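Below is one structure, written out as structure tokens, with a few remarks after it.
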Amino acid sequence: MPFVRWLALAALLALPAASQAQDTRLTERLDAATATRVQQVVDSAQAGGLPGEPLVQKALEGATLGASDDRIVAAVQSLHGQLRRAREALGGGASDPELTAAAGALRAGLEPSALRRLQSLRPDQPLVVPIAVLTDLVAEGVPPADATRSVLDLARDGRPDDEFVALRRQLQQRGAGGEPMGRPALRPAADPPVDQ
Amino acid sequence: MRRQSTLLLALLWAAWAPPALGQLSGTLDMGAGTYRPERAIPGGIASIVPALRYTAGPLELNALGVYSDAPAGRWNFQGGTEAIARRPAFGFLLLEASGKAEWTSHYRVQGTTTFSGGVRAYTATGSRTRAWVGRTFGRATALGARRPLRRTEVGGSAMLGRVHLAFTLANTTVDRSYMLTPGDPREPVADTIAAYPEPTAQNQVDRLALTDAVLSGRWRFRSFDFDASVGRRFSRSTPETVIWGLSVSRDLAPTLALVGAAGRAGSDPVTSVPGARYVAVGLRLKLGAPVAVSLPPRPVADASAPFRIGPAVAAGREIVVRATDAEMVELAGDFTDWKPVVLHRWGADSWRTLLPVSPGLHRLAVRIDGGEWRAPPGTRPVESEFGGQVAEIVVE
């Protein structure tokens, strides 16, 4: 009988602990079922060594933007997959912000090899800003190969973060590039002038 | 002459200025196709097009040459160099000064030269839309005569998804002189005196004015780049013409692309070189990094930016959103756990709050007067998985 009492007491003590494991931000903003489904993804990510905070933020973003429950869960699951790919690309030493930024880069269409190369060129410096700028350039329409090359050039020279930001600003000011001097590709040279 | 010398000196200075960590990039196009010029015999043609771009800080230099070889030894060459100096954004404006020298050479025929210089003012809000206005002055030499030219242009561009669209309206005025001799058909014969002109020739000047309206688009899809443009020339003194161009390139390797192009190029009223229709295919070799990397001055806080996050202080970071005629502005982002924060009115058209924001990459959105959540003005919007657009920004 004492054993049963102890068991009941332990169960009572464990109940609040289980409810604390659920992120209160999720339970406050989502219905109970959706919060539980999101929490399962978060727990799965953390068990695999991935950050849970970006997943929580994704769910909260969906709640603020008025998305349906299924759409929120799908977005969180999709981000989980991207974070896993980012971890594969950057390895176990990457910080949570770096993994979040890398997940965005992969979503934008960049190759994992570009992230690995960037990491090898900046082994002792944070990668968040270079990865964010790289993602931004691709989103602005710069071909991924060209954007990668420019960012890697800066990384190779050991430039600080603000120069990566300056590169992005410079491109925004310049526009989307185009043919040199605005001339269409392969347009032949004009014939001699004609007196009209 | 003095103006030309000044322009030449400016170009030389630009070319020899200290190249502080600038970057050189370029392309070499080689192709063949068909060419149908106005008032000349059509035929096959082969072209070589080297192009170079050098950037160092606010300075940009461009050089381009087009050598085309037609059957029977007829060849034409068009070349040009351009120097552009941009100053850092002045409020919401970006000022740009440029000087350009262009010339043509032809088989057994005297070529043309054009020197021009001008200024442009861009809106530089950092958003996906921009507008500009510019004014150019110059002088061309063609057919043995000098021709002063003036050009005024206005334009705008926008990124719609991944398509870059631009519209330009350019008004060009050029004075073309010629010697009027007795019996010239251009001389009006309206009265007795005109019917019996003085026997000496007279120098006459025709002022030619025309306006080109051009809409162009640029789109990148996987390894393909599409460029298209269509325009129309409006003029009382030259035939109105529709001009267009279409080109597609596909990356075969990081430094090699296949290029195809077709179009109708308008005649140049400044130098009198004729227009033509063309179709061509070829290869493009890429040299250096196409995206220029340089060392611009360290960015300074832009007090007129429509959205800004200030430096970290004890109470957090100052966040300011410009929203004219708004009654309420809210902000939400990953640094507020996506809980809407109401901003306080600050000045005539701005809204402000103080929030702790850590350095790094952040997602956020604003809502004005209870409307849709969207990216703050002046930031690059990204599509949200939940519909609508938010912003991703890097906080330093």
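Each of B:Trp75, B:Trp338 was scored by other Cβ atoms within 10 Å of its Cβ. Arranged with the fewest first, they read B:Trp75, B:Trp338. Compared with the rule-of-thumb size 2.2 N^0.38 Å for a compact globular protein, segment B:321-378 has a Cα radius of gyration ratio of 1.08. Within the shell defined by Cβ-Cβ distances under 14 Å, the residues around B:Leu256 carry a net charge of -1, with Lys and Arg each +1 and Asp and Glu each -1. Computed from label points 7 Å out along Cα-Cβ, the spacing between B:Val281 and B:Arg352 is 6.2 nm.
Taken about its Cα centre, segment A:40-153 carries a charge dipole of roughly 260 debye when the Cβ of each Lys and Arg holds +1 and the Cβ of each Asp and Glu holds -1.
What is the mean number of Cβ atoms from other protein chains located within 10 Å of the Cβ atom of each residue in peptide A:143-153, rounded to a whole number? Present the calculation step by step, with values, prior to reporting the outcome.
Values: counts 8, 3, 8, 7, 3, 3, 7, 7, 3, 1, 5.
Mean shielding count: 5.
If Lys and Arg each add +1 and Asp and Glu each add -1, what is the summed charge of the other residues whose beta carbon sits under 12 Å from the beta carbon of B:Ala121? Mind dumping the intermediate values first?
Numbers: positive: B:Arg86, B:Arg87, B:Arg120, B:Arg130, B:Arg135; negative: B:Glu96, B:Glu153.
Overall, the nearby charge balance is +3.
Here the spin labels are modelled as points 7 Å beyond Cα on the Cα-Cβ line, and at B:Arg108 and A:Arg71 they lie 7.1 nm apart.
Listed by chain and number, the lysines whose alpha-carbon sits under 28 Å from that of B:Lys339, ignoring those within fewer than 8 places in the same chain, are A:Lys58. Report note on the peptides A:73-85, A:128-140: ranked by the mean count of other C-beta atoms within 10 Å, highest first, their order is A:128-140, A:73-85.
Once both labels are positioned 7 Å from their Cα atoms along Cα-to-Cβ, the gap between B:Lys339 and B:Ala131 label points is 4.1 nm. Taking a label point 7 Å from the Cα of A:Gln125 along the Cα→Cβ vector, which residues of segment A:145-159 have an amide N closer than 13 Å to it? Under cut-off, by backbone N: A:151-159.
Every number in this text was worked out from the coordinates using simple rules, so none of it is lab data. Quick caveat: nothing in here was measured; it's all calculated off a predicted structure. As a convention, Cβ positions derive from the backbone with ideal geometry for all residues, glycine included, and neighbour counts pool all protein chains shown.
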